[in-house]
1. Working out 0.36 nm times the residue gap between residue 78 and residue 206, then minus their Cα-Cα distance, what length gain in nm do you get to one decimal?
2. When the solvent-accessible surface of protein heavy atoms is calculated with a 1.4 angstrom probe, in what order do 155, 58 fall, highest first?
3. At 1.4 Å probe size, what's the solvent-accessible area of residue 121? Round to the nearest 10 Å².
4. Give the Cα extents of the stretch 2-86 along the principal axes, in whole Å, largest first.
5. What translational D, rounded to a whole number of µm²/s, comes out for the chain from Stokes-Einstein when the hydrodynamic radius is the Kirkwood one over Cα pairs, at 37 °C and 0.692 mPa s?
6. Once label points are set 7 Å from the Cα along Cα→Cβ at both residue 196 and residue 109, what is their separation, rounded to one decimal in nm?
7. Once Rh for the stretch 63-135 is found with the Kirkwood sum over Cα pairs, what is the Stokes-Einstein diffusion coefficient at 25 °C and 0.890 mPa s, in µm²/s?
8. Semi-axes, largest first, in whole Å: what does sqrt of 5 times each Cα gyration tensor eigenvalue give for the stretch 163-312?
Amino acid sequence: SRMAMPPMQFKTGFHGYSVEWSPWDERRLACATAQHFGIIGNGRLFVLDVDPQRGITVIRHFDTADGLYDCAWSEENENHLISASGDGSIKLWDLTGPQTPLQSFEEHTREVYSVDWNLIDKGNFVSGSWDHSVKLWSPLRRESLQTYTEHRQVVYSTIWSPILPCNFASVAGDGSLKIWDVRVNKSTHTIYAHDNEVLTCDWNKYNEDVIVTGSVDKSLKIWDLRSTAREIETLEGHNYAVRRVKFSPHSETSLASCSYDMSTIIWDLGRRDDPMVERTDVHSEFVVGLDYHLFQDGQLATCSWDETVSVF
């Protein structure tokens with residue numbers, strides 16, 4: 001079992017919202033956090049070194065006036081990363097630079113809940129906000145390149161395709177999953193994925209047409225964009241809202257999800273009758289952030305409102 005080794009843990013002192021492994025350095029992990037459950041108070045972006053021998057230590061941290069809800073590494077520069085803030089801004093940080101951001105992108109009028117850097121094109125990133133909008137940005141420009149306003153509720157997640165350079169997905173409180181192509185100004189697909197708020201989505205890393213969504217309705221649904229009338233599969237096992245889901249970078253059928261039920265579940269779509277492989281309960285509060293290690297097959301990082309980051 002993966003839990004034969006106890007998880008490595010790091011105490012942030014802040015409520016964790018998002019973790020992302022560096023695409024550049026296999027030991028580097030970013031974590032976006034907020035004080036007081038993100039309702040009011042400061043934020044802190046941690047850059048952590050994860051060493052199997054020495055444990056988890058802080059390389060660098062950046063403090064912000066408002067809580068941070070998401071973070072993403074630059075795909076262009078190994079020392080750059082962006083954070084999504086409660087004040088509506090997105091900040092670009094330099095690990096080798098000062099405590100102040102290199103740039104602040106200020107157009108969203110409410111909390112920014114999601115940021116994601118384009119894996120293929122590498123020259124842009126997207127954001128999703130409580131102002132119901134999605135925005136496309138270049139790190140070189142202060143003004144956004146495009147604003148997308150089709151969602152009728154809070155946008156919770158915006159995720160680039162890992163295969164197609166112009167496509168990203170978004171999910172929102174209106175129950176919909178939308179697929180966008182940056183070459184056109186409107187969505188190419190709209191799927192009413194759940195009868196409840198959709199908090200998270202991710203693309204399969206091996207099949208460009210397969211996407212997973214996770215909802216307040218406690219379920220995960222697998223979608224095929226070639227046939228969107230209904231989901232291919234529903235995964236049930238969480239007891240509360242599914243907060244984040246990620247497909248494995250190492251397997252077409254593996255994915256992981258974390259929930260307000262304090263658990264993380266590993267699933268395998270290849271096991272049709274019994275897709276739940278393993279459920280782990282390493283946190284004592286809502287598990288909000290989750291990411292698969294890009295280089296080490298099966299290794300996960302999670303962060304929680306219990307103020308810890310876990311690697312297992």
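The values are calculated or read from the model by the stated rules, or taken from the named source; none is laboratory data. This one's a predicted model, so the numbers in the text were calculated from it and none came from an experiment. Virtual Cβ from ideal backbone geometry, glycine too; neighbours counted across all protein chains shown. Please note that ligands, DNA and RNA were not included when accessible areas were found on the heavy atoms of the full protein model with its side chains. Shrake-Rupley method; radii C 1.70, N 1.55, O 1.52, S 1.80 Å.
1. Numbers: separation 128, 0.36 × 128 = 46.08 nm, distance 2.46 nm.
Fully extending the segment from residue 78 to residue 206 adds 43.6 nm.
2. Values: 155 0, 58 65 Å².
Sorted by accessible area, descending: 58, 155.
3. That residue has around 80 Å² of solvent-accessible surface.
4. 38, 31, 20
5. Values: Rh = 19.0 Å.
This corresponds to a translational diffusion coefficient of 173 µm²/s.
6. About 3.0 nm separates the two model spin labels.
7. Values: Rh = 12.2 Å.
The calculation lands on 201 µm²/s.
8. Working: eigenvalues 118, 56, 47 Å².
Taking √(5λ) for each eigenvalue gives 24, 17, 15 Å, largest first.
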